[in-house]
Structure formats: structure tokens, C-alpha cells
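The values are calculated or read from the model by the stated rules, or taken from the named source; none is laboratory data. Since we're looking at a predicted model, the values are computed, not measured. Note that each Cβ is placed from the backbone with ideal geometry, even for glycine, and that neighbours are counted across all protein chains shown. SASA here: full protein model, heavy atoms, side chains in, ligands and nucleic acids out. Shrake-Rupley method; radii C 1.70, N 1.55, O 1.52, S 1.80 Å.
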Amino acid sequence: MARPRKPLLSTDRIVETARALVDAEGLAAVSTRRLAAELGVSGPSLYNHFRTKDEILEAVADSVSGQVDLSMFQDGRDWRTALHDWAVSYRAALRDHPNIVPVLARGPGRRPAGLRLADAVYGAMVAAGWPPAQATSIGALMRYFVMGSALGSFAGGFVDDASAYDPADYPHLQQAHLLAEQQGKIDERAFETGLTALLDGLARQYEQMRRTA
């Protein structure tokens, strides 16, 4: 009986394996040697697809950008609703893959999915009537906000030990030890509060711009 064939090595398979490794163990866990072992291949075979570890991490980052929904910019939603829905999808992708956020935070560079994302946001804002310079600022602002929300958990940063919050030193933090157990709910509410405030401010600018045009 013939031996079962190993799955062929492909760019997609390398990226999927590297992404799983980053998710599980962080950026430092990725090396060509480790990836080759995970894939069951020799190290040099990876170089047929990627020249360096950095190229692999760039591809992993782009695969995460590719998970962000962009349909709201083509299906007729108004600019504010589209920005809101896109930000929610963007944050969800980063929340699922938080360890790759430092690579994504460098900007899209030459990554195709990252550039498509930037193009979609900018194009939608210009089409809605925002001046090009302001459309650029909106794209940057949204990226700062979403990336920042994905870099860490506010609620998860508090220890669940009540003795850490001596009322003599921290009179207003007597419930802080309860934050960690409500991490998901608190962080989600904070994100929505900030996103709504941000969009409210942009909407006021938009209306003022239209009145003075």
C-alpha cells in the first residue's frame, strides 16, 4: 500500500500555521525552524515561499486584515453607519488575533488586504462628501481608536484581589477587584461608548461642513 502523501506546502498553509502559532504563543514563537517543524518539512523549503521571518509575519498580519468585513462600504449604508459597522468588524478581527496587532500597527505597507481596507474607508468617506484631507484623517483616527482598543483589556488590567485597593490609598477603587470577571462586558461597553462619541463628533463636523459649503 502506498504511503499517504503529506499535504503540499503552500503559502496559505504556511500563513495559517504561523497565525495559529502567533495566536497561541506570540510573535517571538515564530521562527523558520519552528514553522518547519510544525509543518513537517525542512527549513529551506519555506524559502520557496518566504525569504524571511518578517515576510511571514507580514503575511499573517495581512491575513487578519483580510478577515475585516468591507461590504458596508458598497451596500448603500450611510457613511456613519458604515464606519460604525466596519469598526466593529475590525475590532473583532483584532480581538481574535491580539498578538499580531503590533505588526498591524506599523501600517499597511505593501500588504494587499491592508491596502484594500484603507482604500475602502478613504473612498467611502470621499464619496460621502468629506474633503480628501479630512477623509485621510478619519481613516487614521479610526485606526488609532480600533488598534488602541485591541492592544489590551482595560478591565483585565485590574487584579481580582480586594486587598490590592487599600481605601486609604485608593478611595474610589473599592470595586476594582470585580472588574476582571466582567472583562468582556466592560471592554465591549467602553468600545461602543467611545465609538459612539467619536462618530457623534464627526457627524457634527459633517453637518457644519455641509452648512458652510
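Would you be able to say whether some residue in segment 89-101 is among the basic types (Lys, Arg) and modelled with pLDDT of 95 or more?
Checked segment 89-101: at least one residue is among the basic types (Lys, Arg) and modelled with pLDDT of 95 or more.
Of the set (1) under 20 Å from the mean Cα position of the chain (by Cα); (2) part of a loop (DSSP other than H, G, I, E, B), all apply to residue 173 but (1).
Could you list, in sequence order, all residues of segment 81-132 that are open to solvent by 40 Å² or more (accessible area, probe 1.4 Å), within 16 Å of residue 59 (Cα to Cα), free of Cβ contacts under 8 Å to residues at least 40 places away in the same chain and in a helix (DSSP H, G or I)? Matches in segment 81-132: 115 only.
Take residue 211 and decide whether it is modelled with pLDDT under 95, open to solvent by 60 Å² or more (accessible area, probe 1.4 Å), more than 20 Å from the chain's Cα centre (by Cα) and on the phi < 0 side of the Ramachandran plot. Criteria met by residue 211.
Matching residues to (1) assigned to a helix (DSSP H, G or I); (2) among the hydrophobic types (A, V, I, L, M, F, W, C); (3) open to solvent by 70 Å² or more (accessible area, probe 1.4 Å); (4) within 30 Å of residue 135 (Cα to Cα):
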site	(1), (2), (3), (4)
16	yes, no, yes, no
21	yes, yes, no, no
37	yes, yes, yes, no
41	no, yes, no, no
45	yes, no, no, no
50	no, yes, no, no
57	yes, yes, no, yes
61	yes, yes, no, yes
67	no, no, yes, yes
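Would a scan of segment 71-78 turn up a residue that is open to solvent by less than 20 Å² (accessible area, probe 1.4 Å), in contact (Cβ under 8 Å) with a residue 24 or more places away in the chain, assigned to a loop (DSSP other than H, G, I, E, B) and not basic (Lys, Arg)? Scanning segment 71-78 turns up no residue that is open to solvent by less than 20 Å² (accessible area, probe 1.4 Å), in contact (Cβ under 8 Å) with a residue 24 or more places away in the chain, assigned to a loop (DSSP other than H, G, I, E, B) and not basic (Lys, Arg).
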